[in-house]
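The values are calculated or read from the model by the stated rules, or taken from the named source; none is laboratory data. In this text the structure is predicted, and so the values were computed from the model without any measurement. Note that we place each Cβ from the backbone using ideal geometry, even for glycine, and neighbour counts take in every protein chain shown.
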Amino acid sequence: MIIIPARIGSSRFPNKVLADIGGIPMVIRTAKAVESIDNVLIATDAQEVIDIALKYNIQAVMTLDTHQSGTDRIYEAAKRVGLSDDEVIINVQGDEPFIETDVVEAIFHLTNKNKQDTSIIMNTCYKLITNQEADDPNIVKVVANENDMALYFSRSKIPYPRDDHFKDYKGHLGIYGFTMKSLEKFCKSTPAPLEDIEKLEQLRALYHGFNISMVKVETESFGIDTPEDLKKAIQHHQL
């Protein structure tokens, strides 16, 4: 199942999941982009989102408004619909209206491959980004080992190019694959100081010693974090 967390009260961009892109709310565009892959469920804290999802024939459930992260929100939603321990759950952010099915399918396959490895708590992906993009704190960077297991994520530029010759920066895409069992393990782990400092929920997993498996993808998609990003998205839709 694909679960899309849709919180109304974004501190940087309130109500962004309902922002209009070509006459359709952003979260609905995101759901429509991935509905051919698996069943889609929107997890929200707002009745307005529930009503809009119903209008577009997309399943949605109400969740608490106190969750620390989007992953905590999808865990509540997964419990509400009674998913089994080995069910593959893909967390697709509600601000990814242009996400390609190939990207989500890559994480789906990686999650299935790693189902029996209890050291891996989540599966996700990255794309190569430019040196200039790596300077943007809204683009999360990741460094990984030779097996594409994440070592650290940051809004800062990592690794630091001391001699100014490093070019292979990895930009993280906030799409995660879990089994219901690993999702429960993640959400029952205590929030981590690093998670709070960087405002990156995946750092909770690394802080507690779990592995995060990654796959490289090709994508033109981009998340919408600011009003400026929304303008870019509207222009992209009009192309």
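A few comments on the model shown:
- Test: residue in segment 183-195 that is among the hydrophobic types (A, V, I, L, M, F, W, C) and closer than 15 Å to Tyr126 by Cα: no
- Candidates Ser154, Ser189 - the one that is over 28 Å from Asp85 (Cβ atoms), in contact with a helix residue (DSSP H, G or I) (Cβ under 9 Å, 6 or more places away or on another chain) and among the small types (Gly, Ala, Ser): Ser154
- Filter result (at pLDDT below 85 and in contact with a strand residue (DSSP E or B) (Cβ under 6 Å, 6 or more places away or on another chain)) within segment 1-60: Val17, Leu18
- Test result for Ile107, in a strand (DSSP E or B), at pLDDT 95 or above, buried (at least 23 other Cβ atoms within 10 Å of the Cβ) and aliphatic (A, V, I, L, M): no
- Those residues of segment 120-158 which are within 21 Å of Pro193 (Cα to Cα) and part of a loop (DSSP other than H, G, I, E, B), in sequence order: Pro137, Asn138, Ile139, Val140, Arg155, Ser156, Lys157, Ile158
- Taken as a whole, the condition of being in contact with a Ser or Thr (Cβ under 6 Å, 6 or more places away or on another chain), over 19 Å from Lys188 (Cβ atoms), buried (at least 20 other Cβ atoms within 10 Å of the Cβ) and at pLDDT 95 or above applies to Lys141.
- Taken over segment 168-191, the residue count meeting the criterion of being of a type in the set (D, E, K, R), without any contact (Cβ under 8 Å) to a residue 60 or more places away in the chain and closer than 20 Å to Ala150 by Cβ is 2.
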